[in-house]
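Accompanying notes for the structure given below.
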Amino acid sequence: MVTITESKMEKLREDFPILSRRIHDKKLVYLDNSATTQKPKQVIDAITDYYTKYNSNVHRGLHKLSEEATVKFEEAHNKVAKFINSDSQELIFTKGTTESLNLLAYSLLTDLKKGDEILLTQMEHHSNLVPWQQLAKRFELNLKFIEIDKDGILNLENNPINNKTKIVSVAHTSNFLGTINPVKEIGKIAHENNALFVVDGAQSVPHMPVDVKDLDCDFLAFSAHKMLGPTGIGALYGKKELLEKMHPFNYGGDMILEVKFDDTKFNNLPWKFEAGTPNIAGAIGFGAAVDYLNKIGMENIKNHGLELTKHAMRRLNEVKNLEIYGPLRADRRGPLVSFNLINIHPHDTTSLLDDYGIAVRGGHHCAMPTMKLMNLVGSTRASFYFYNTKEEIDYLASTLDKVKGVFK
Amino acid sequence: MNEFMNQKMYMEHILDLYKNPLNFGILDNADFKERCFNPSCGDEVEIQVKLKDDKVDDVKFIGRGCAISVAAASLLTENIKGKLLNDINNLTREDMMELVGIEVGPARVKCITCSLVSLRDGIRSYLEGKNVRS
């Protein structure tokens with residue numbers, strides 16, 4: 001793979017129309033990529049093309065437009081599947097990571113029995129906690145958690161896995177602490193204990209090469225909009241033999257082969273899990289996003305993210321009265337840094353940064369229990385993508401001094 | 001001109017109230033108390049009210065929040081002393097903006113109203129007889 005230089009990365013900014021916007025008469029500095037990334041014109045054009053040239057419903061259409069839409073839709077399926085090295089039968093389109101995890105929880109938990117355990121970590125996003133938690137309550141299952149230390153690293157040596165553990169579900173990268181978890185190792189532990197292994201890849205798939213065969217995970221969930229694609233579409237990967245045994249999550253059109261008044265034969269994979277007219281435009285946009293990422297190369301994106309994170313850790317550490325959460329080493333993190341200015345609420349910090357055109361996120365980042373564990377009400381989070389530059393991070397650091405000035 | 005529109009919210013009296021809030025602390029023998037949590041940013045305010053003849057005799061709040069929510073809670077608690085519960089119930093978000101002396105956009109409405117929401121919830125529960133003397 002060719003290594004892309006920093007100047008070439010910066011050139012890519014031209015593909016993103018929004019990045020030339022001005023906010024409060026300042027240059028937009030977009031550092032909220034863990035929430036959602038910006039979209040290149042290639043993705044926007046692919047969606048517009050569908051609506052202007054071949055908008056039609058997919059599957060079973062016998063006219064030209066439907067044929068074209070079906071080809072493009074299935075092509076998108078294949079592209080996304082290939083992106084994580086899965087077979088296209090094993091890749092289900094969903095609304096996003098949240099729906100992928102709900103699909104799993106609903107589909108898997110009905111087969112568990114009272115007293116069975118689900119193992120999560122103390123750093124999960126609400127989307128990888130609440131579905132399991134609520135169904136566990138209903139089916140009288142127990143939730144257990146792998147603990148984190150003060151730097152946001154999992155304590156794997158002391159994990160509560162046992163022969164009652166049926167499912168282990170873990171974030172690959174924490175959206176608040178930034179920690180990259182050793183999912184391969186956790187997967188081995190899960191499988192040694194005959195538990196299914198689920199990976200929440202919302203924050204990892206956009207930022208590093210992720211290969212489901214190499215990870216040997218049973219399921220992987222991720223979202224398009226965090227990797228240049230549109231909102232409202234994401235994916236769930238599952239091993240074929242597992243998906244075949246599982247119950248559908250939604251019932252209706254497109255997920256069937258044959259319907260009688262009193263019984264239904266379900267469609268083949270992956271359609272069995274995609275009831276109703278799918279998000280066709282979203283899928284096509286997702287496919288275009290994957291094309292764009294492949295063109296840059298995920299290894300390049302990962303390396304560039306690490307460079308930016310190293311730079312951010314260094315620059316933010318120089319800001320007085322600022323504390324950073326999560327792993328101390330940049331190479332144990334995804335490209336994001338959560339921090340607080342001492343005695344200034346993250347909401348105030350975030351608001352004041354907005355005056356300078358800087359878009360960051362302030363709040364609990366959908367990780368309330370983790371916040372509580374660390375005795376925080378929230379944090380400000382700067383998160384990066386390949387179109388960000390070291391200059392933008394320098395600007396963030398110098399602007400934080402101005403924020404402190406307001407509270408003097 | 002939109003320049004520094006957020007910074008304009010951080011007026012001196014708001015920053016002063018953030019650093020030295022009014023009526024901050026625990027009230028012994030409160031007749032009711034209610035907590036409000038603003039999940040969008042983590043503001044947390046608990047208001048405790050002591051009544052005398054259906055009027056607010058004393059009020060305190062505890063919690064953690066942004067400058068706007070802490071200043072708002074300070075000014076609200078100060079404002080309601082001696083008032084009838086029914087009058088307090090009629091306070092609106094516009095009243096809060098007037099009380100605090102700033103206009104806030106949709107992103108900060110929950111900050112400025114967090115204390116009011118907890119107060120109104122507390123009054124409702126109290127009047128319904130659910131909230132027993134602590």
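The values are calculated or read from the model by the stated rules, or taken from the named source; none is laboratory data. Not measured: the values here are computed from a predicted model. Every residue, glycine among them, receives a Cβ derived from its backbone with ideal geometry; neighbour counts consider all protein chains shown.
Kindly provide the set of residues from region B:67-85 that are touching a residue at least 24 places away in the same chain (Cβ under 8 Å) and either of a type in the set (F, W, Y) or away from chain A (no Cβ under 14 Å) (or both), ordered by number.
Of the residues in region B:67-85, the ones touching a residue at least 24 places away in the same chain (Cβ under 8 Å) are B:67-78, B:80-85.
Across region B:67-85, the qualifying residues are B:S74, B:L75, B:L76, B:T77, B:E78, B:I80, B:K81, B:G82, B:K83, B:L84, B:L85.
Here B:V70 fulfils each of the conditions (1) more than 24 Å from A:L400 (Cβ to Cβ); (2) crowded, with 20+ Cβ neighbours inside 10 Å apart from (1).
Can you list the strands (runs of 3 or more DSSP E) found entirely within region A:51-157 that contain at least 1 residues being touching an Asp or Glu at 6+ places or on another chain (Cβ under 8 Å), of a type outside the set (V, I, T) and touching a residue at least 24 places away in the same chain (Cβ under 8 Å)?
Values: elements: A:91-94, A:117-121, A:142-146.
In region A:51-157, A:91-94, A:142-146 are the strands (runs of 3 or more DSSP E) which contain 1 or more residues that are touching an Asp or Glu at 6+ places or on another chain (Cβ under 8 Å), of a type outside the set (V, I, T) and touching a residue at least 24 places away in the same chain (Cβ under 8 Å).
Which residues, taken from region A:22-31, are surrounded by 21 or more Cβ atoms within 10 Å (Cβ to Cβ) and under 25 Å from A:F286 (Cβ atoms)? Answer for region A:22-31, where residues must be surrounded by 21 or more Cβ atoms within 10 Å (Cβ to Cβ) and under 25 Å from A:F286 (Cβ atoms): A:Y30, A:L31.
Scanning region B:38-61 for residues that are within 13 Å of chain A (Cβ to nearest Cβ) and either within 21 Å of A:I342 (Cβ to Cβ) or touching a residue at least 60 places away in the same chain (Cβ under 8 Å) (or both) yields B:N38, B:S40, B:C41, B:G42, B:D43, B:E44, B:V45.
Can you say whether A:K166 is assigned to a strand (DSSP E or B), over 21 Å from A:T370 (Cβ atoms) and either at pLDDT 95 or above or out of contact with any Phe, Trp or Tyr (no Cβ under 8 Å at 6 or more places or on another chain) (or both), as far as the supplied structure shows? It would help to see each step written out before you state the result.
Details: assigned to a strand (DSSP E or B): yes; over 21 Å from A:T370 (Cβ atoms): yes; either at pLDDT 95 or above or out of contact with any Phe, Trp or Tyr (no Cβ under 8 Å at 6 or more places or on another chain) (or both): yes.
The answer is yes for A:K166.
In this entry, B:E98 passes the filter for residues that are at pLDDT 95 or above and either over 23 Å from B:N29 (Cα atoms) or surrounded by 19 or more Cβ atoms within 10 Å (Cβ to Cβ) (or both). Considering region B:12-27, the residues that are within 14 Å of another protein chain (Cβ to nearest Cβ) and buried (at least 16 other Cβ atoms within 10 Å of the Cβ) include one that is farthest from the chain's Cα centre (by Cα), namely B:L15.
Quick one: which residue in B:R64, B:R93 is in contact with an Asp or Glu (Cβ under 8 Å, 6 or more places away or on another chain), surrounded by fewer than 22 Cβ atoms within 10 Å (Cβ to Cβ) and either farther than 25 Å from B:D28 by Cβ or within 12 Å of chain A (Cβ to nearest Cβ) (or both)? Give the derivation first.
Values: B:R93 fails: in contact with an Asp or Glu (Cβ under 8 Å, 6 or more places away or on another chain).
Step by step, each of B:R64, B:R93 is checked, and only B:R64 is in contact with an Asp or Glu (Cβ under 8 Å, 6 or more places away or on another chain), surrounded by fewer than 22 Cβ atoms within 10 Å (Cβ to Cβ) and either farther than 25 Å from B:D28 by Cβ or within 12 Å of chain A (Cβ to nearest Cβ) (or both).
Is there a residue being touching a Leu at 6+ places or on another chain (Cβ under 7 Å), under 16 Å from A:T97 (Cα atoms) and crowded, with 19+ Cβ neighbours inside 10 Å anywhere in region A:190-199? Yes, region A:190-199 contains at least one residue that is touching a Leu at 6+ places or on another chain (Cβ under 7 Å), under 16 Å from A:T97 (Cα atoms) and crowded, with 19+ Cβ neighbours inside 10 Å.
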